[in-house]
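A short reminder: the numbers here are calculations on the coordinates, not readings from a lab. Please read these numbers as outputs of a predicted model, since none were measured by experiment. As a convention, Cβ positions derive from the backbone with ideal geometry for all residues, glycine included, and neighbour counts pool all protein chains shown.
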Amino acid sequence: MTISALQKARAEYQPKLPKSLKGSVKIVEGAVTESVADQDEIKKLFPNTYGMPILIFEEGAAAASAAVNVGVILSGGQAPGGHNVISGIFDGIKKLNPDSKLYGFLGGPGGLVDHDYKEITADFLEGYRNTGGFDIIGSGRTKLEEEAQFDKGLEILKELDIKALVIIGGDDSNTNACVLAEYYAAKNAGVQVVGCPKTIDGDLKNEMIETSFGFDTAVKVYSELIGNIQRDANSAKKYWHFIKLMGRSASHIGLEAALQTQPNITLISEEVAEKKQTLDEIVEYMAGVISKRADDGNNFGVALIPEGLIEFIPEMKTLIAELNDLLAEGSAVEQEFKMMKKSHRLEWLATQLTPESSAVFQSLPTGIANQLTLDRDPHGNVQVSLIETEKLLGEMVKTKLDSMKSSGEFKGKFGTQYHFFGYEGRCAAPSNFDADYCYSLGYTASVLIGSGKTGYMSSVRNTTAPADEWIAGGVPVTQMMNMEKRHGHMKPVIQKALVELDGAPYKYLVANREKWAIETSYLYPGPIQYWGPTEVCDLTTVTLQLEQKGK
């Protein structure tokens, strides 16, 4: 493998570990747990993995371990640090016993079902340590939901004598991991299943999972780009930049990027939902900020727009829910819609909606309406990343400002540039934080495996402290679950963590929002730093710092 100078330097970086993982580990069990909601239903569905205790790792006495073969799967979208999770698993199981082996299933969960795998050796792994991407074994979005898949996977696990499987993924992937753990436990299959929390969206978090891996790096990449654009805007002084940021359901990325860069406008989906803001009200707010800046001679600015915003606007949320049901795969409406001439589709579809949603649907620009009818994602939801919300808002703001100009309320100029930052951050070389955090998560998974645990997710807490003081352990996946409607049926899923409107990060934004809106208070974070002063290289996110301040 040909590597760059950066890769060569990063390969020499040794990730830091919590003190409890540096030697032999003692496992301390806490109180039994229960799910965050719907306890009776979750307990009935997971009788073998429900109510297990939280686990905390402490320094302990050395103990001999038998060799163990472990499988690993990268599931879902990429996130910086995945390679270090695998590195941590590898080093951890080799420490348990040098004869332990690690097998990677290729292309995500589908590799388990299709028996497509590769043994990960020390020589092979060396080229991937501290690097971004999931290219070591690839990822995929095959959902492990059916018993036939579980049984097919068990065949290869038995053939390779794999005693444990680590699934690295987000909330849906770890939900599936828990279902798989329950199934194998019920069958006494002799296979443990452990999860690791991954998603740049930041919505897999709770008391035991302070942050999902990849979030730190991705937001630093986006914040560097936003800072660059802010500097350009402040130099040219003639454009408003509308920037949509990845993060499907939650606004964690937009909030953290705002805290790092201080743009003029930051929309928060959860706030829009809480205040029941209409599309017109959002446009009026944005136009008001633009007009006030123009009064000061500043015909430029930056607005951050969360990817999932459109689903949080009440009338749009209702419309999208109706469209998701109508256009569900295999439904009569979906089949007729696809057979119809494209020129007639939108008009006909409007007749299938409730009167309120039909009115909203017909009021949208044709391009946006078409985007709402595109093929659904694997979970049956509209693919919000394909909806150009930034352009929708830009066009509507322009129309509003034109009206204000006619009445003399707006005397400035308005030109727009549009951006969508998503893929730019998913495979970046991990920050020092993510390199350390991911390695610790993987190493924690190896300890859970060595102690015979299943149905657990790796947990590393106290992450604003130096890595030496981090608290490693395991949390039962069932503790994070509730029941939600998916594809028209109630299913157990890990509860998504949205931006908390009573949380310190959001309150900090609100306290400064008015000043940042009118003044040009931009911060320019610059590129991610890998080596240099600790105060630059090893910073955690502002979100974590605010959340844990005073703890």
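May I ask you to derive the relative contact order of the chain, considering only C-alpha pairs under 8 Å and at least 6 residues apart, and to give it as an integer percent? Don't skip to the answer; put the middle values down first.
Details: 1156 pairs, mean separation 133.5, N = 551.
The normalised contact order for the chain reaches 24 percent.
Taking θ as phi - 60°, what are the ³J(HN,Hα) couplings along the range 79-96 by the Karplus curve (6.51, -1.76, 1.60), each to the nearest whole Hz, with x for Gly and Pro?
For the range 79-96, the Karplus-derived couplings read 8, x, x, x, 5, 6, 4, 5, 4, x, 4, 4, 5, x, 6, 5, 6, 4 Hz, x marking Gly and Pro.
List the aspartates and glutamates whose alpha-carbon lies under 12 Å from that of K43, not counting same-chain residues fewer than 8 positions away?
By straight Cα distance, K43 reaches E34, E182.
Pop a pseudo-label 7 angstrom from the Cα along the beta-carbon direction at both E347 and S406 and give the gap in nm to one decimal.
Computed distance between label sites E347 and S406 equals 2.7 nm.
Set the bar at 21 Å for Cα to Cα. Now go through K187/K496; K237/K515; K143/K491; K198/K485; K413/K507; K317/K342 and name every pair that lies beyond it. Provide the component values of the computation, followed by the final result.
Numbers: K187/K496 30 Å; K237/K515 19 Å; K143/K491 14 Å; K198/K485 23 Å; K413/K507 32 Å; K317/K342 24 Å.
Pairs exceeding 21 Å: K187/K496; K198/K485; K413/K507; K317/K342.
How big, on average over all directions, is the shadow cast by the Cα convex hull of the chain, in nm²? Walk me through the numbers on the way to the answer.
Working: hull surface 107.5 nm².
Taking a quarter of the hull surface, the average projection is 26.9 nm².
Taking the number of other C-beta atoms within 10 Å as the exposure measure, put K244, K16, K338 in order starting with the fewest.
Details: K244 27, K16 18, K338 11.
Listing K244, K16, K338 from fewest to most nearby Cβ atoms yields K338, K16, K244.
With a Förster radius of 22 Å, plug the Cβ-Cβ distance of D99 and S24 into 1/(1 + (r/R0)^6) and report the FRET value to the nearest 0.05. Don't skip to the answer; put the middle values down first.
On the way: r = 18 Å, r/R0 = 0.83.
So the FRET efficiency works out to roughly 0.75.
Counting pairs of alpha carbon atoms under 8 Å apart in space and at least six apart in sequence, what relative contact order in percent does the range 306-461 give? Walk me through the numbers before you get to the answer.
On the way: 91 pairs, mean separation 27.3, N = 156.
This gives 17 percent for the range 306-461.
For K8, go through the lysines and keep the ones whose alpha-carbon is under 20 Å away, minus same-chain ones fewer than eight residues off.
Cα-Cα hits under 20 Å: K16.
When DSSP assigns beta bridges and you keep just the ones with both residues in the range 102-221, what percent turn out antiparallel, to the nearest 5? Kindly include the intermediate steps, with their values, before the conclusion.
Details: 4 of 11 bridges.
Here the share of antiparallel DSSP bridges comes out near 35 percent.
What length, rounded to one decimal in nm, is gained on full extension from K8 through to S521, with 0.36 nm per residue of separation minus their alpha-carbon distance? Walk me through the numbers on the way to the answer.
Values: separation 513, 0.36 × 513 = 184.68 nm, distance 3.77 nm.
In short, 180.9 nm is gained.
What spacing in nm lies between the two simple spin-label points modelled at F124 and K485, each 7 Å away from Cα in the Cβ direction?
4.5
Take Q362 and N512, extend 7 Å from each Cα along the Cα→Cβ direction, and tell me the distance between the two endpoints in nm.
Label at Q362, label at N512, 4.6 nm between them.
Collect residues whose amide H, placed 1.01 Å from N in the peptide plane, falls under 5 Å from the amide H of Y103; neighbours closer than 5 in sequence don't count.
When sequence neighbours closer than 5 places are left aside, the close amide H contacts are V70, G71, V72, I120.
What percent antiparallel are the DSSP beta bridges of the chain, to the nearest 5?
On the way: 24 of 58 bridges.
Antiparallel: roughly 40 percent of the beta bridges in the chain.
What percent do you get for the relative contact order of the range 340-394 when only Cα pairs under 8 Å and 6+ apart count? Could you put the intermediate results ahead of the total?
Details: 26 pairs, mean separation 12.4, N = 55.
Reported as a whole number, the value is 23 percent.
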